[in-house]
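Below is the structure I would like to discuss, written out as structure tokens.
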Amino acid sequence: MSVSPPLRKLQYALAVARESHFRRAAESLNVSQPCLSRQIRELEAEIGTEIFERDSRPIEPTPAGREFLAVVGELLPRIDAEFQRAKDAARNADRQRNGSLTIGQSAFVPASLRREIRSALNTKFAYLHLQFRTISASELVGSIGSMVQIGLTFMPLETGGLEQMPVRSEPLCAVVSEQASLVGKPSVTVADLKSHPLIVACSERTHPVLYERLVEQCRTAGFRPKIAEEVTSAQEAFDLVEGNVGIAVLPHGTCGEAPSTIQYYPITGMDPLQLAFLYRREDLFASEVLEELTASSDENRLKCAG
């Protein structure tokens, strides 16, 4: 049974051809020059011919070496690709046996986005049991790596060193009942909120950074907001709007779930929110899942709401 040369020797030969110099090739590979020279000699013995003209400066392949290296140069990328395919198959088989992923999400992540995420992951991770768990922003960061593998929430947020992957921007909207004075206006500005009680999706307890940003933008417009209610779900906000408790300030994507008795308008002059995934760098599976979602975003399957 014949044994093919180790891939390392083939990589060494390509490095010498690329650098036209044994020392520079050794440095590029982070090995000693004697080790490199010995490996090339062993490779030449195995194939039965010299690969390099050692008397030339710079080092040049022999005619036989050129033919050999041309084939090796085509071969190694294919081997790398097939090895990656083999690793993926092994990982997928292992995950299919223990395949589950939990994404901790803000209560104000639109259902349409959850459907898009499921669809985007369905091809490569068809075996995956994907779950979404609603967790407040203040509790989410500490939950990643224990209760959930990935977080999906609105920024800004103190992330505690977690990695971030932006998903899309979400304009903030004024959600009003049919009887509200803002109905029919061509646009709604931050200043238009001054005389209305507000129903908000964040508080000093649940999402302090986002809450402070909302208050600051109102102050910049010349008033301190009158917070009527702090809600924990979009449906709760819709119910309060229908009950004429006030105007809700909600992310645009969530507003599409509002009943027909409610209207909503983007708020001019109010910064959009950034929706982002959070994960731990050392969680390789989470990173792989998010790479697939990034590729899906590039193909416009995860569309920007902004």
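Could you work out Rg/(2.2 N^0.38 Å) for segment 172-271, with Rg from alpha carbons only?
Normalised Cα radius of gyration, segment 172-271: 0.96.
How big is the antiparallel share of DSSP beta bridges in segment 172-271, given as a percent to the nearest 5?
On the way: 9 of 18 bridges.
Here the share of antiparallel DSSP bridges comes out near 50 percent.
Restricting attention to the alpha-carbon atoms of the chain, what are Rg (one decimal) and Dmax (integer), both in Å?
Cα only, the chain: 29.4, 92 Å (Rg, Dmax).
Under a cut-off of 23 Å between alpha-carbon atoms, report the lysines in cross-link reach of Lys226, not counting same-chain residues fewer than 8 places apart.
Lys185, Lys194
Using modelled backbone amide H atoms (1.01 Å from N, in-plane), which distant-in-sequence or interchain residues come within less than 5 Å of Phe277's amide H?
For Phe277, whose amide H was placed from the backbone, the distant partners under 5 Å are Met165, Val167.
For each of Glu282, Glu19, count neighbouring Cβ atoms within 10 Å of the residue's Cβ, then give the residues from fewest to most. Can you show the working numbers first?
On the way: Glu282 9, Glu19 17.
Neighbour counts put them in this order, fewest first: Glu282, Glu19.
Just to be sure I understand: with springs between alpha-carbon atoms less than 10 Å apart, which residue in Leu182, Leu275, Leu29 has the highest mean-square fluctuation in the Gaussian network model of the chain?
Sorting by GNM fluctuation, first place goes to Leu29.
Suppose R0 equals 22 Å; then what is the FRET efficiency for Glu139 and Asp271 from their Cβ-Cβ distance, rounded to the nearest 0.05?
Details: r = 24 Å, r/R0 = 1.11.
Efficiency at R0 = 22 Å is approximately 0.35.
Same structure again: Using a basic spin-label model with each label point 7 Å from the Cα along Cα→Cβ, how many nm lie between Ala295 and Arg57?
Result for the modelled spin labels: 4.9 nm.
Considering the alpha-carbon set of segment 7-95 alone, what are its Rg and its Dmax in angstrom?
15.4, 54
If r is the Cβ-Cβ distance from Ala111 to Arg41 and R0 is 45 Å, what FRET efficiency results, to the nearest 0.05?
0.10
Also, I was wondering about something else. Quick one: Val16, Val188, fewest Cβ neighbours within 10 Å first, how do they rank?
Ascending Cβ contact count within 10 Å gives the list Val188, Val16.
Each reported figure results from applying straightforward, stated rules to the coordinates on display, with no laboratory input. Note that this is a predicted model, so its numbers are computed, not measured. Reconstructed Cβ throughout: ideal geometry from the backbone, glycine too, with neighbour counts over all protein chains shown.
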